[in-house]
Each structure stands twice: as C-alpha cells, then as structure tokens.
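All remarks here apply to the structure that follows.
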Amino acid sequence: MNHPGEPVHPALYALAEDGTLDLLYLACGACGALTFPSSAYGCRCCGAAAEAGHTQRLAGRARVRQMVTVHQALTPALAAPYVVAELELAGGVLEEAVLDVRHEGDLAPGMPVRAVPAIMPDGRFTCRFAPLEDAA
Ligand SMILES: [Zn+2]
C-alpha cells in the first residue's frame, strides 16, 4: 500500500480515511469560533487563549475566492509556475494555499476544492487543494 509518511505540518492537516486531508482548526473555548490552524495563539474572533479551546478536525473542504499564478520559485520544493488561491475554509476562515492545478484558468471564484496530500521528496506529505470533481 502506497501510504504517505508523516505530515510536514502536523498542526495544520491530517490524513483522512478517504485519502484526502482533514484540516485542523482551533475551536474557541469562549465563543466557539474556528481559527486556523490549530496551533494559532488564540481565537481570531474574541482573542481567547488557545489553551481555552480544543483542536477540531474537519473535512478539508474550501471555496476559492481568488487565485493568482506565481512565476517565481519561492522554495526549492515548489517549482514555478504554480497557482496560489485565497480560500474560504470552514467558519469563514480565509487562508492562502497552493492549488493542485496547472493553470489558474482551471479555477473560478466560488469553486469548491478539497485538501489532498502531495508527497514531498523526503517522503512526507504536504497539503494542496484540488477542485472537487463535478460527479462527486
Ligand atoms: Zn473566541
């Protein structure tokens, strides 16, 4: 079985049973709002300390708000060009992420995407977002 290794960022995502990724949020102990990632210092809504909340694991569903193609390689692990999008995660959390598409034209504002693992050269996996199949 071709099972991915360890996550590069274990506070951000975890492998789901269906082979996609779940995202790890901080659920506020005071107001209940979600903050991403689970390692945040505190609630983005009311400022309550992270210790008052708990980690909440949710399916890695998101919605594209806007996207841009990056033509300069910022890290050796990521060959340019690649597509970055601002995504709306659970609870209205906004996060920039790398998309598993070849062209930004493959995306459109409002398009649903899901988190999937991408295997790194060292065998660990990182998080990418891919469009949800229309048939799903
Ligand atoms: Zn809060």
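List of remarks:
- Inter-part distance where segment 9-43 and segment 54-98 are each reduced to a Cα centre, Å: 15 Å
- Contour excess over end-to-end distance, with Cα ends at A52 and E17 and 0.36 nm allotted per residue: 9.7 nm
- Ellipsoid semi-axes in whole angstrom, largest first, where each is sqrt(5λ) of the Cα gyration tensor of segment 1-52: 27, 10, 6
- Translational diffusion of the chain, µm² s⁻¹ [Kirkwood Rh, Cα pairs; Stokes-Einstein; 4 °C; 1.567 mPa s]: 83 µm²/s
- Sum of side-chain charges, H9 neighbourhood, beta-carbon under 15 Å (Lys, Arg +1; Asp, Glu -1): -2
- In this structure the amide hydrogen of V116, modeled in the peptide plane, comes within under 5 Å of the amide hydrogens of L21, R128, F129, A130, none closer than 5 places in sequence on its chain.
- The slack between A130 and A30, meaning 0.36 nm per residue of separation minus the straight C-alpha distance, is 32.7 nm.
- Calculated FRET efficiency, C45 to V8, Cβ-Cβ distance, R0 = 25 Å: about 0.35 to the nearest 0.05.
- Whole-Hz ³J(HN,Hα) from phi, Karplus 6.51 cos²θ - 1.76 cosθ + 1.60, for segment 56-70, glycine and proline x: 10, 9, 10, 3, x, 8, 8, 10, 6, 9, 8, 9, 8, 8, 9
- Put simply, segment 64-136 fits an ellipsoid with semi-axes of 20, 15, 12 Å; these come from the alpha carbon gyration tensor as the roots of five times its eigenvalues, largest first.
- In this simple spin-label model, placing a label point 7 Å from the Cα along the Cα-to-Cβ direction at both R63 and M120 gives a separation of 3.2 nm.
- Local net charge near A77, Cβ-Cβ under 11 Å (Lys/Arg +1, Asp/Glu -1): 0
Each reported figure results from applying straightforward, stated rules to the coordinates on display, with no laboratory input. Keep in mind the model is a prediction, meaning the values are calculated, not measured. Note that we place each Cβ from the backbone using ideal geometry, even for glycine, and neighbour counts take in every protein chain shown.
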